[in-house]
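Notes follow once the structure below has been shown.
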Amino acid sequence: MPVNGSTGDATVTAAEKILREDAALAANALGAAADAMEGSTVLVSGGAGFLGAAMVDMLVHLNANRWKRPAKVLVVDNFVTGLPARLQSLASDPNVRILNADISRDVEISEPFNYAIHAAGIASPIIYRAKPLQTADVNVWGLRRMLELARAQADLRGFLFFSTSEIYGDPDPEHIPTREDYRGFVSCTGPRACYDESKRFGETLAVVYHQEFGFPIRCVRPFNVYGAGQRIDDGRIIPDLMKAAAHNEPLVLLSDGRATRSFCYIADATAGFYRAMLVGHPGEAYNIGNEHEVSIREVADLVSRISGTPVTFEKSIDPHYLTDNPQRRCPDLTKSRSHLDYAPFTSLEDGIRRTLAWAREVSR
């Protein structure tokens, strides 16, 4: 099986090739667990966004390279942050149907489906602070709409809600690495509250639907997922670094760089998300990420070494740029390893090299 899932199309771009390789890596990591979805129909909200599109890519790869009975993929996206071009290569795929609609409104899905993935959302702090009501709407009303659509299905086998590690807020040091049972230290009125608190309430809805209706629902809490396919104008640290490096410009940090994160490459995360939906315990949440904690300055230095561009420091013109910004973020993956057999496999350097190669291609 070719690692890039190629179907022999000589017109595939170098950037698209990297995305296909990532889908293949995720599918290989998921292994036999993926075969539960063979011949099924999967509804993906936010399927043109970074995480949602990666979920779609893996299904397309499995259709082309493993399954005899292809899965049908129903994608719903209103393209507020997702890019239509991200799905352009799927326009002629008979197993993919794309609906331009807002899932938080009265969207009707006439085709029965077996799995539902609610990946729609606005995850960039720069964008969700500019669109706070839309951010809350998709995390609450969008999820509620997906839940009601799923409740009407005669053969619903799995439901996945994309929550976030932001629900932990800025954890006390004794709770880092952070376990799923940590209740969080989050401001309900701060500049990030529209995102953090609506995701927290989304998890409440998920648990209630599991308790009330026996829903096969799981929540995932992604920790700083990055990689090929993420918009380089997203405003988060790695896209910012990729954008600068791709244009051979200085790598600008708007902080002292001492805050830490645990970055997880998209192929690793995609396999973890699917493992949660397919083999996780219903009604529960799972950390998906990488346990390697690194400072923002260390990441910038790594990108600088790979790209040859220097690191510089500036002050943001936004007075709330760092308000409620967690100083440390690192997942405890004990539960995900135990329940899901999840293990990230991409080093930070390898992931950065792949991401930069993709960013340079799309910036040409």
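The values are calculated or read from the model by the stated rules, or taken from the named source; none is laboratory data. Just so it is clear, the structure is predicted and the values come from calculations on it, not from any experiment. Heads up, the Cβs are rebuilt from the backbone with ideal geometry, glycines too, and the neighbour counts pull from every protein chain shown.
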>> Could you list, ordered by first residue, the pairs with Cβ atoms under 9 Å in which the first is in segment 94-115 and free of Cβ contacts under 8 Å to residues at least 60 places away in the same chain and the second is of a type in the set (Phe, Trp, Tyr) and assigned to a loop (DSSP other than H, G, I, E, B), at least 6 apart or interchain?
In response: ASN100/PHE79
> Being at pLDDT 95 or above, farther than 27 Å from THR164 by Cα and either in contact with a strand residue (DSSP E or B) (Cβ under 9 Å, 6 or more places away or on another chain) or surrounded by fewer than 16 Cβ atoms within 10 Å (Cβ to Cβ) (or both), is that true of even one residue in segment 269-284?
Replying inline: no
> Which of the helices (runs of 4 or more DSSP H) contained wholly in segment 203-321 include at least 1 residues that are of a type in the set (Val, Ile, Thr), touching an Asp or Glu at 6+ places or on another chain (Cβ under 7 Å) and closer than 30 Å to ARG157 by Cβ?
Replying inline: 266-279
>> I'm told LEU133 meets every condition in (1) of a type outside the set (Gly, Ala, Ser); (2) within 24 Å of TYR226 (Cα to Cα); (3) not in a loop (DSSP other than H, G, I, E, B) except one. Can you identify the failing condition by its number?
In response: (2)
>> Looking at the structure I just gave you, is THR346 closer than 23 Å to ASP57 by Cβ and part of a loop (DSSP other than H, G, I, E, B)?
In response: yes
> Going by the structure shown, is PHE79 of a type in the set (A, V, I, L, M, F, W, C), out of contact with any Phe, Trp or Tyr (no Cβ under 8 Å at 6 or more places or on another chain) and closer than 22 Å to TYR265 by Cα?
Replying inline: no
>> What's the number of the only condition in (1) buried (at least 23 other Cβ atoms within 10 Å of the Cβ); (2) among the charged types (D, E, K, R); (3) in contact with a Phe, Trp or Tyr (Cβ under 8 Å, 6 or more places away or on another chain) that LYS199 fails to meet?
In response: (3)
>> Go through (1) without any contact (Cβ under 8 Å) to a residue 40 or more places away in the chain; (2) among the hydrophobic types (A, V, I, L, M, F, W, C); (3) buried (at least 17 other Cβ atoms within 10 Å of the Cβ) for ALA85 and report which single condition fails.
In response: (3)
> Is it the case that segment 158-167 has a residue that's touching a Phe, Trp or Tyr at 6+ places or on another chain (Cβ under 9 Å), part of a loop (DSSP other than H, G, I, E, B) and under 30 Å from VAL76 (Cα atoms)?
Replying inline: yes
> surrounded by fewer than 24 Cβ atoms within 10 Å (Cβ to Cβ), without any contact (Cβ under 8 Å) to a residue 40 or more places away in the chain and not basic (Lys, Arg) - does that describe any residue in segment 223-237?
Replying inline: yes
> Hey, among GLN134, GLN153, which residue is polar (S, T, N, Q), out of contact with any Cys (no Cβ under 6 Å at 6 or more places or on another chain) and surrounded by fewer than 20 Cβ atoms within 10 Å (Cβ to Cβ)?
Replying inline: GLN153
> Do we have THR334 as of a type in the set (Ser, Thr, Tyr) and modelled with pLDDT under 95 here?
Replying inline: no
> Among the residues of segment 185-210, which ones are among the small types (Gly, Ala, Ser), under 19 Å from PRO222 (Cα atoms) and out of contact with any helix residue (DSSP H, G or I) (no Cβ under 6 Å at 6 or more places or on another chain)?
Replying inline: ALA193, ALA206
> For segment 313-327, does any single residue satisfy the condition of being in contact (Cβ under 8 Å) with a residue 40 or more places away in the chain, farther than 30 Å from ALA36 by Cα, in contact with a Pro (Cβ under 9 Å, 6 or more places away or on another chain) and crowded, with 16+ Cβ neighbours inside 10 Å?
Replying inline: yes
>> Looking only at segment 73-111, filter to residues that are over 22 Å from the mean Cα position of the chain (by Cα) and among the acidic types (Asp, Glu); which one of those is modelled with the lowest pLDDT?
In response: ASP106
